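Just so it is clear, none of the values below were taken in a lab; they were calculated from the coordinates. Values in this document were obtained by computation on a predicted structure and should not be read as measured data. All Cβ positions, glycine included, derive from the backbone under ideal geometry; neighbour counts span all protein chains shown.
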Amino acid sequence: MDLSIVSRSYSVLHGCLQHGLNRVPSRKEIEYLGKTVNHHISRSLPVGEIITTDLARVRSLNLLAREIIERDVPGEIAELGVYRGDFARRISSLFPYRRFYLFDTFEGFDARDIALESEQKQKTRYGDFSRVSVKSVLSKIPYPDQCVVKKGYFPESLDGLEETFSFVSLDTDLFKPTYEGLCYFYPRLSPGGYMMVHDYAPARYHGVKKAVRQFSEEFKVPYIPLSDMNGSVVFSR
Ligand SMILES: C[S@@+](CC[C@H](N)C(=O)[O-])C[C@H]1O[C@@H](n2cnc3c(N)ncnc32)[C@H](O)[C@@H]1O
């Protein structure tokens, strides 16, 4: 299914309601309404909010968390690629009693990873994820006392960490940290645990798809694509 059509139809429907249209809109009206609403959404919400108002992504997270809690799956939780903590705060709210490892440079992408992406001739423009502070991330996390901030370049930031996990979110946009993240976290996932990898589907993040497929083929581990906005995939054990 073409997700852009779903998102556009959703925007148009919203537009119709906002503009009080109670008949089927014409093609021109559809274009106008779609543009107006998209413009309105992108002006009124900060970037992080647009990302986390991806309801399919958030609902998938909720469902996976519920499975882990109801089935009493042991293990801590982690996110690699936290940025401003918008998805992390949702993860934290679902796991009040588990330690939450937050991995990020908190200074944006590392040149070593980007160099590798361009070697693979990826025609991608990367966002600037450097303007963040750990303090502001922690201020929006519901259970900050459970957080262990692992600031620095992953996998160096692991610093010998040995832990078992029940839920992990990987959201780095790039090939190398995604692949390294899968190699580190998957063997440490408890049976019944889940890993969500964001940005599998868009052509823009072709390194993420490459990492997921390479890991899956090398280690014979299956994954399931989701129909959220950027096409996450889920690994389970
Ligand atoms: C797309 S943002 C994360 C967005 C966040 N998960 C959300 O949904 O709001 C990607 C983050 O990955 C981090 N990152 C990428 N490569 C990394 C690496 N090798 N080590 C640590 N952090 C990395 C970047 O600093 C950036 O903050």
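Pairs exceeding 22 Å between alpha-carbon atoms, taken from 150/176; 140/210; 176/209: 140/210. Give me the number: length gained by fully extending residue 234 to residue 115, i.e. 0.36 nm times residue separation minus the C-alpha to C-alpha distance, one decimal in nm. Fully extending the segment from residue 234 to residue 115 adds 40.1 nm.
What is the percent of Cα-Cα separations in the stretch 52-236 that go past 21 Å? The calculated P(r) of the stretch 52-236 puts 46 percent of pairs beyond 21 Å. Dipole check for the stretch 67-122: with +1 at the C-beta of Lys and Arg, -1 at the C-beta of Asp and Glu, and the Cα centre as origin, the magnitude is about 180 Debye. Computed over the stretch 187-237, the range of Cα coordinates on each principal axis works out to 32, 22, 14 Å, biggest value leading. As a proxy for reagent exposure, ranking 162, 67 by other Cβ atoms within 10 Å from fewest up yields 162, 67.
For residue 147, the residues 5 or more places off, or on other chains, whose built amide H falls under 5 Å of its own are 100. Rounded to the nearest 0.05, what FRET efficiency is calculated for residue 159 and residue 203 with R0 set to 45 Å and r the Cβ-Cβ distance? E(calc), rounded to 0.05, equals 0.85. Peptides 137-149, 178-190, 72-84, 206-218 ranked from most to least packed by the mean count of surrounding Cβ atoms within 10 Å: 72-84, 178-190, 206-218, 137-149. For the stretch 90-232, the relative contact order is 23 percent, taking Cα pairs closer than 8 Å that sit 6 or more residues apart in sequence and dividing their mean separation by the residue count. In terms of other Cβ atoms within 10 Å, 229, 195 run from fewest to most in the order 229, 195.
Straightening the chain between residue 145 and residue 69 buys 25.4 nm, computed as 0.36 nm per residue apart minus the Cα-Cα spacing.
Residues 63, 161, 94, 174, arranged from fewest to most other Cβ atoms within 10 angstrom of their Cβ, appear as 63, 161, 94, 174.
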